[in-house]
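The values are calculated or read from the model by the stated rules, or taken from the named source; none is laboratory data. Every value quoted in this text rests on a predicted model; they were computed, and no experiment measured them. Here the Cβ positions follow ideal geometry from the backbone for every residue, glycine too, while neighbour counts run over all protein chains shown.
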There are 2 protein chains.
Amino acid sequence: MALNTRPLNDVVALAGGVGGAKLAYGLMRALPDSAHLTIIGNTGDDFRYYGLAVSPDLDTVMYTLAGVAHSVNGWGLHDDTRQMVDMLRCYGEESWFGLGDRDIATNLLRTHMLAAGKPLSEVTAWLAEKLGVAVGLLPMTDDPLATRVDTLEYGVLEFQEYFVRHRWQPTVTRLWYDGAEAAQPAPGVVEALRQADLIVICPSNPVLSVEPILQVRAIREAIMARCVPCVAVSPVIGATAFKGPTVKIMGELGLDASAAGIAAYYGALIDGFVVDDQDQRAGLAVRHLATDIRMDTPEARERLAGEVLAWAEAWKVRAE
Amino acid sequence: MALNTRPLNDVVALAGGVGGAKLAYGLMRALPDSAHLTIIGNTGDDFRYYGLAVSPDLDTVMYTLAGVAHSVNGWGLHDDTRQMVDMLRCYGEESWFGLGDRDIATNLLRTHMLAAGKPLSEVTAWLAEKLGVAVGLLPMTDDPLATRVDTLEYGVLEFQEYFVRHRWQPTVTRLWYDGAEAAQPAPGVVEALRQADLIVICPSNPVLSVEPILQVRAIREAIMARCVPCVAVSPVIGATAFKGPTVKIMGELGLDASAAGIAAYYGALIDGFVVDDQDQRAGLAVRHLATDIRMDTPEARERLAGEVLAWAEAWKVRAE
């Protein structure tokens, strides 16, 4: 691969939910001009909740970048309440999706704008701008592309049923992405990838959060055709995921969920892999950086993002 | 008019918002078997709020009958909050319609069921049943019929813009009902009127709350063709309405908003008029009952309803 020698100016990051949002936040803070940062968000977990168009991963990134995310959960809005869901229960309805009352505003506006014919990318840009997010936030696609799982216990489930209703406890026997064949990248996505000086794959679940983005053929092709570095940050430390079912689901699908296994999963898509200090002897076949990859505080997010940027920068200089 | 001699068994009441809901509640409590009570609710003030199908008057009646209405406002749910509307404001949106968070559940379910093709009457019956309402609650129509006003200050306004956004302060120069020509009564409405032993017009705004119901031609015709008494309860005491713009708007439209004027407005639709003690010498041309028509407490609602029922009952006996 021929790496060009442009200064590290434009950065594109692929992000899923909470983990991806944290690194996206760190990149926003670490870059000299966050207007040159573009986040490509996962929409594979989007669904309709009583008709409301919910985009959990996109909103997690948006709220995190806007500084209004729930500080403990990582998703949803801080200081939110569940009055609406509580009332749904009075109607005898299921309330397993804990949509916050303030969060409803986002989903109601999105639903209303989509119904008026606006594409998701335009709606997302509008919402993000209103919340003061200066970073570009693009859904991977404006088309339907839905992550689906077949499970031992319940058969085929929609993603949020698997993930939230059943708390990712069912055993996944098969995983696929409805609509992937036809999905086109949202406007600006391929352009951002082509213009990027660095592509970052955030520490999100490889099969549930990153793979749906890569399933948009033109996105995968643009990354494969890159002439700039693409680095991924590991979503695991040792045999443990930070959050969610990364290790469990990859195991069920016969994939190796170790740092080395995840690097191998990304294969030729990445030029470098950032792992935790604990995994520095993990037998990685790809160029790697070992550091503290936990992002428990805003400062830790910015520090990790800064290290990723410095690493890629130095590496490019060496490549000249 | 030939009044029949059936015992006062089935009662139908036409109700608008808060005032109508209070008498409907009183009737429910005063009747030996509230399953024989049917409320025909006004849908002329229904509108879409960011795509949500809101039915303010229907819900006011439903919540009041279910015992979950806001005790001070009369509309909306008790113990509700405004988190969603507050967040809408963060997006720079208008928040003049103070939709409560718990109230959103009702509107979300209604919107979702309407989108699935269910008629409003079916949706309303489902919602009311889930909240434990034993009384029949029917929207006047499943068709669109929207109260509209032309105003001196703002030109043509949708009803909720006039009523909530501008707090009924604009001067109304013209009032009409969009869709009235084509609107058919909801299933069960005409049947209930035909089967009724008594029809009650609740103390609601004659032109804004009751007239939209009467604008459904088959409803007006069924009332005109009755062979049982129809009595109205006055929404005014002296020159003052209990709530809202009754006196103001009737004056602006050149109508007499006194008890006598309102009785005259209903004309041949009513056989009797219930007024406050203060209005007993108001020069009413129709048979009337003077009593305390304030309904500040649940007990007062039941007492007034009981008096209305007893009056109509005794009157029928005399008519035999």
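Condition first: surrounded by fewer than 24 Cβ atoms within 10 Å (Cβ to Cβ) and either charged (D, E, K, R) or at pLDDT 95 or above (or both). Now tell me which residues in the stretch A:1-17 satisfy that.
A:Arg6, A:Asp10
Out of the residues in the stretch A:140-169 that are free of Cβ contacts under 8 Å to residues at least 24 places away in the same chain and among the hydroxyl-bearing types (Ser, Thr, Tyr), state the one that is nearest to A:Ala21 (Cα to Cα).
Going through the stretch A:140-169, the residues free of Cβ contacts under 8 Å to residues at least 24 places away in the same chain turn out to be A:151-157, A:161-162, A:166-167, A:169.
Next, from what is left, pick out any that are among the hydroxyl-bearing types (Ser, Thr, Tyr): A:151, A:154, A:162.
Numbers: A:Thr151: 28, A:Tyr154: 30, A:Tyr162: 21 Å.
The residue in question is A:Tyr162.
Any idea how many residues of the stretch B:218-256 are without any contact (Cβ under 8 Å) to a residue 60 or more places away in the chain and among the acidic types (Asp, Glu)?
Going through the stretch B:218-256 one residue at a time, the tally reaches 2.
Here is a list: A:Trp315, A:Trp311. Which entry is among the aromatic types (Phe, Trp, Tyr) and closer than 20 Å to A:Ile39 by Cα?
Only one candidate passes the filter, namely A:Trp311.
Here are A:Leu137, A:Leu131: which of them is farther than 23 Å from B:Gly100 by Cβ, touching a Cys at 6+ places or on another chain (Cβ under 9 Å) and in contact (Cβ under 8 Å) with a residue 12 or more places away in the chain? Let's see the steps before the verdict.
On the way: A:Leu137 fails: touching a Cys at 6+ places or on another chain (Cβ under 9 Å).
Testing whether each residue is farther than 23 Å from B:Gly100 by Cβ, touching a Cys at 6+ places or on another chain (Cβ under 9 Å) and in contact (Cβ under 8 Å) with a residue 12 or more places away in the chain leaves just A:Leu131.
For a quick check of your reading of the model, give me the residue pairs whose first member lies in the stretch A:4-23 and is among the hydroxyl-bearing types (Ser, Thr, Tyr), whose second is at pLDDT below 90, with beta-carbon atoms closer than 9 Å and at least 6 apart or on different chains.
Pairs that qualify, where the first residue is among the hydroxyl-bearing types (Ser, Thr, Tyr) and the partner is at pLDDT below 90, are A:Thr5/A:Lys316; A:Thr5/A:Val317; A:Thr5/A:Ala319; A:Thr5/A:Glu320.
If I ask for residues that are among the hydroxyl-bearing types (Ser, Thr, Tyr) and part of a strand (DSSP E or B), which ones from the stretch A:136-160 would you list?
Listed by number, the residues that qualify are A:Thr141, A:Thr147, A:Thr151.
Taking the stretch A:102-128 on its own, how many of its residues are away from every other protein chain (no Cβ under 14 Å), touching a residue at least 60 places away in the same chain (Cβ under 8 Å) and either crowded, with 23+ Cβ neighbours inside 10 Å or assigned to a helix (DSSP H, G or I) (or both)?
Total satisfying the criteria: 2.
Of these, B:Val72, B:Val68, B:Val85, which one is over 22 Å from B:Val308 (Cα atoms) and free of Cβ contacts under 8 Å to residues at least 12 places away in the same chain?
Residue meeting the stated conditions: B:Val72.
Any residue at all in the stretch A:235-250 that's closer than 27 Å to A:Thr124 by Cα and modelled with pLDDT of 95 or more?
Yes: the stretch A:235-250 contains one or more residues that are closer than 27 Å to A:Thr124 by Cα and modelled with pLDDT of 95 or more.
Name the single residue, out of those in the stretch A:31-74 being in a helix (DSSP H, G or I) and among the hydroxyl-bearing types (Ser, Thr, Tyr), that is nearest to the other protein chains (Cβ to nearest Cβ).
In this case the residue turns out to be A:Tyr63.
Run A:Leu99 past the list (1) within 14 Å of chain B (Cβ to nearest Cβ); (2) in contact with a helix residue (DSSP H, G or I) (Cβ under 9 Å, 6 or more places away or on another chain); (3) outside any loop (DSSP other than H, G, I, E, B) and report the number of the one that doesn't hold.
Only one criterion in (1) within 14 Å of chain B (Cβ to nearest Cβ); (2) in contact with a helix residue (DSSP H, G or I) (Cβ under 9 Å, 6 or more places away or on another chain); (3) outside any loop (DSSP other than H, G, I, E, B) is unmet by A:Leu99, namely (3).
Would you please name the residue that is nearest to A:Thr111 (Cα to Cα), looking only at residues in the stretch A:32-52 that are surrounded by fewer than 21 Cβ atoms within 10 Å (Cβ to Cβ) and of a type in the set (A, V, I, L, M, F, W, C)?
A:Phe47
Considering only the stretch A:236-287, how many residues are assigned to a loop (DSSP other than H, G, I, E, B) and over 17 Å from the mean Cα position of the chain (by Cα)?
17
Which of the residues belonging to the stretch A:202-228 are part of a helix (DSSP H, G or I) and of a type in the set (A, V, I, L, M, F, W, C)?
A:Val207, A:Leu208, A:Val210, A:Ile213, A:Leu214, A:Ala218, A:Ile219, A:Ala222, A:Ile223, A:Met224
Condition first: polar (S, T, N, Q) and more than 21 Å from the chain's Cα centre (by Cα). Now tell me which residues in the stretch B:109-168 satisfy that. If you could, list the steps in order and put the result at the bottom.
We begin by selecting, within the stretch B:109-168, every residue polar (S, T, N, Q); these are B:111, B:121, B:124, B:141, B:147, B:151, B:160.
If the condition is that a residue be polar (S, T, N, Q) and more than 21 Å from the chain's Cα centre (by Cα), then B:Thr111, B:Thr151 are the ones that fit.
Test A:Gly188 against the criterion of being more than 14 Å from chain B (Cβ to nearest Cβ) and on the phi > 0 side of the Ramachandran plot, and give yes or no.
Numbers: more than 14 Å from chain B (Cβ to nearest Cβ): yes; on the phi > 0 side of the Ramachandran plot: yes.
So A:Gly188 fits the description; yes.
Could we say that A:Met250 is surrounded by 21 or more Cβ atoms within 10 Å (Cβ to Cβ) and within 24 Å of A:Thr64 (Cα to Cα) here? Please lay out each step first, then the result.
Values: surrounded by 21 or more Cβ atoms within 10 Å (Cβ to Cβ): yes; within 24 Å of A:Thr64 (Cα to Cα): no.
So A:Met250 does not fit the description; no.
Of the conditions (1) farther than 28 Å from A:Leu114 by Cα; (2) part of a loop (DSSP other than H, G, I, E, B), A:Ile199 clears all except one; give me its number.
Single failed check for A:Ile199: (2).
I'd like to know if the stretch A:77-92 contains one or more residues that are farther than 30 Å from A:Glu252 by Cβ, small (Gly, Ala, Ser) and within 9 Å of chain B (Cβ to nearest Cβ).
So far as the stretch A:77-92 goes, yes, one or more of its residues are farther than 30 Å from A:Glu252 by Cβ, small (Gly, Ala, Ser) and within 9 Å of chain B (Cβ to nearest Cβ).
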